[in-house]
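Notes follow the structure.
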Amino acid sequence: MQDDSPGRRAAAYWFSDGLPEIVTGAEFALCGAGLMLVRDLSTSILRATVAFGYVLLFLCLLNGWDRGVTGFLKSRVTYPRTGYARPPVDLDRVYSRQIFTLLHLNSPAGAPDANVTQYYRRTVFVLLLAGYLSESLWRHWLPAIVLGAAAGALYALHRNGERSYSWWSVLVLPVAGLLVLRPTPPQYYNRAVVWIIEGLWLAGVGACRFARYLYDNPMPRRTEGVCL
Amino acid sequence: MPVRTRAQEILELNRLVHEPARLTILTILKGVSQADFLYLQREGSFTQGNLSSHLARLEEAGYVEIQKTFKGKLPLTICRLTAAGDKALAGYSRQMLGILTGGKSKRRKVA
């Protein structure tokens, strides 16, 4: 896709206010907090079952509600300020091999959301995987290492995407991992704490972007309504 | 059959699409499929009057569908690229490509 094509700009517009990251980050943090709560359940089988169900529910939330909640917030905050463009939707990626013309106008109708969905898939995959890896080996220093790897992966995967992260912002992840080192971590501690850190980090990055967006785009004197 | 010169091809360009402001509107709408007035205005750096007049021309030609509603007491204008607009833009793109590459791309396709 052309670097500054309208479609790519529209995809970047989806991330311009930081709201998608705030919502996804909050979901991760809540899931981590929930896992912390189930750690005290009596038997390990019951604990594992509840934790599994909890993660399943979390994945459903990510898939179904994430976009809806973000859209709702955008309709209240973003669209009145900088306008509404159709949010990216999941389309078949059949046009990925299309040969674009000189003017790059041959992409199909619809918001080209390839980079947006890639962002979600990559980010969620990396963050989820980090949580599971940190638990699979029972070592108290694992969260710091896994978070460092996740930070590197997030930086590398999104380097050329619509929403890239600076190296200093991803550096927060391993540093936070070092801060929560515990000599004898209780069961489920690692995964829960990794997801909480990741969620807070993602929401924090989104909040910084959101603050800058609000500063740059004060509510205009209204001449146009918003689209819900 | 007479050989069409490049000048003739240029004269046959769809002038409704060729105008920079209208081409900008169509290209933006191509990327998002639908957007409101404010988004178009910001993305294309248009003034309200300028955008309104160009949108009216495009709507008249059937290239853009404009839906005017109210959200509370505020007017809401949603613009969509129609199938005719999509076709016109693709046709313009093809024509322009043919002119700029001297028909090389067409010949390559035939071969």
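The values are calculated or read from the model by the stated rules, or taken from the named source; none is laboratory data. Quick caveat, the model's predicted, so the values are computed rather than measured. Counting neighbours? That spans all protein chains shown, and the Cβs are built from the backbone with ideal geometry, glycine included. For the accessible areas, the whole protein counts, side chains as well, though only heavy atoms, and no ligand, DNA or RNA atoms are used. Shrake-Rupley method; radii C 1.70, N 1.55, O 1.52, S 1.80 Å.
List the number of the failed condition for residue B:33; all other conditions in (1) free of Cβ contacts under 8 Å to residues at least 24 places away in the same chain; (2) facing chain A (nearest Cβ under 10 Å) hold. Result: residue B:33 fails condition (1) only. Condition check: more than 9 Å from chain A (Cβ to nearest Cβ) and either open to solvent by less than 30 Å² (accessible area, probe 1.4 Å) or of a type in the set (Lys, Arg) (or both). Does residue B:57 satisfy that? Taking the combined requirement at face value, the residue satisfies it.
Among the residues making up the range A:48-81, those that are of a type in the set (Ser, Thr, Tyr) and either open to solvent by 60 Å² or more (accessible area, probe 1.4 Å) or without any contact (Cβ under 8 Å) to a residue 12 or more places away in the chain (or both) are A:49, A:54.
With respect to the conditions (1) modelled with pLDDT of 85 or more; (2) touching an Asp or Glu at 6+ places or on another chain (Cβ under 7 Å), residue B:75 lacks only one, and its number is (1). Taken together, the criteria exclude residue B:10 from residues that are open to solvent by less than 40 Å² (accessible area, probe 1.4 Å), among the β-branched types (Val, Ile, Thr) and assigned to a helix (DSSP H, G or I). Evaluated against (1) without any contact (Cβ under 8 Å) to a residue 12 or more places away in the chain; (2) farther than 16 Å from residue B:66 by Cβ; (3) within 7 Å of another protein chain (Cβ to nearest Cβ), residue B:27 falls short on exactly one condition, (1). Look at (1) closer than 17 Å to residue A:83 by Cβ; (2) in contact (Cβ under 8 Å) with a residue 12 or more places away in the chain; (3) facing chain A (nearest Cβ under 8 Å); (4) not charged (D, E, K, R) and you find that residue B:74 fails only one, number (2).
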